[in-house]
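Notes to accompany the following structure.
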Amino acid sequence: MDTTSAPMTSPAPLKVAVILGSNREGRFGPVIADWFLGRAARYDGIETELIDVVTARLPDALSFSPGPEEAARIAAVSARLAAADAFVVLTPEYNHSFPASLKNLIDWHRAEWQAKPVAFVSYGGRSGGLRAVEQLRQVFAEMHTVSVRDTVSFHNAGALFDDEGNHRDPADVDAAAKALLDQLAWWGNALRDARNRHPYSA
């Protein structure tokens, strides 16, 4: 009897779309995005791609008849979201909620979100953006996603980073980022396997 085992193959890297949700002038979001992408680059088994609402330039979701150029921009973002196995949403908190630009990006898509995990990195003043995250969990539940439990949040974010974008006290926040990525990777791989076996139908 042939007892030779087939070589083990490593799973394909998990494709994670990192969504930068603020489009305000002077926004702090790019600092947070650079920090998070740096931490994600150290994590084995995932590949990240940044989707910025500013460069996506999506039309208002209330416009049901976008022109050709707008339709092309929507399609480009749709393809990037569809290719992702998981999402990380970077959000500030505006008036106890999340930015309209982020809601607009969410609302232009539906199937692209389904049966995939989403994690949150938030920033703001005293609340660290956590009230925005709690509302986003409800929105993404409607999109048939699974939101991971742990969140990375930055309270009074502007004071936490130096002029080069480095966190002034990285130990705890790096550990929080790893916990978030651990959970995202578990759900991302499990749900990718499930979708491959049984296509999700909402």
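Nothing in this text is a laboratory measurement; each read-out follows from the coordinates by a stated rule. None of the values given here were measured: they were computed from a predicted structure. Because the Cβ atoms are built from the backbone with ideal geometry, glycine has one as well, and the counts that use them run over all protein chains shown.
Mean residue ellipticity at 222 nm, helices only, the chain: -13000 deg cm²/dmol; runs of at least 4 DSSP H residues each add -39,500 (n - 2.57), and the sum is divided by the number of residues.
Summarising the amide proton neighbourhood of Ser147: residues at separation of 5 or more, or on other chains, whose placed amide H is nearer than 5 Å comprise Val118.
Bridges between two residues of the chain, per DSSP, are antiparallel at a rate of about 10%.
Residues whose amide H comes within less than 5 Å of that of Ser153, counting only those at least five positions distant or on another chain, are Ser122 (H built at 1.01 Å from N in the peptide plane). Full extension of the chain between Ala141 and Arg168 yields a length gain of 6.3 nm, computed as 0.36 nm times the residue separation minus the alpha carbon distance.
Less than 5 angstrom separates the built amide H of Gly45 from none of the residues sequence-distant by 5 or more or on a different chain.
The lysines whose alpha-carbon is closer than 23 Å to the alpha-carbon of Lys103, local same-chain residues fewer than 8 away aside, are Lys15, Lys116. When the scattering of the stretch 111-202 is computed by the Debye formula from its Cα atoms alone, each counted once and equally, what is log10 I(q)/I(0) at q = 0.16, 0.17, 0.19 Å⁻¹? With one equal scatterer per Cα and no solvent, log10 I(q)/I(0) is -0.73, -0.79, -0.91. When the charge dipole of the chain is built from unit charges on Cβ atoms (+1 for Lys and Arg, -1 for Asp and Glu) and taken about the Cα centre, the candidate among Gly67, Ser147, Pro199 whose Cα reaches farthest toward its positive end is Pro199. Relative to one another, the C-alpha centroids of the stretch 148-202 and the stretch 97-138 are positioned 13 Å apart. Within the set (1) 17.9, 69; (2) 17.3, 53; (3) 22.1, 75, the number that Rg and Dmax of the Cα atoms in Å takes when calculated for this structure is listed as (1). Once the C-beta distance of Leu62 and Ala41 is scaled by a Förster radius of 45 Å, the resulting FRET efficiency is 0.75 to the nearest 0.05.
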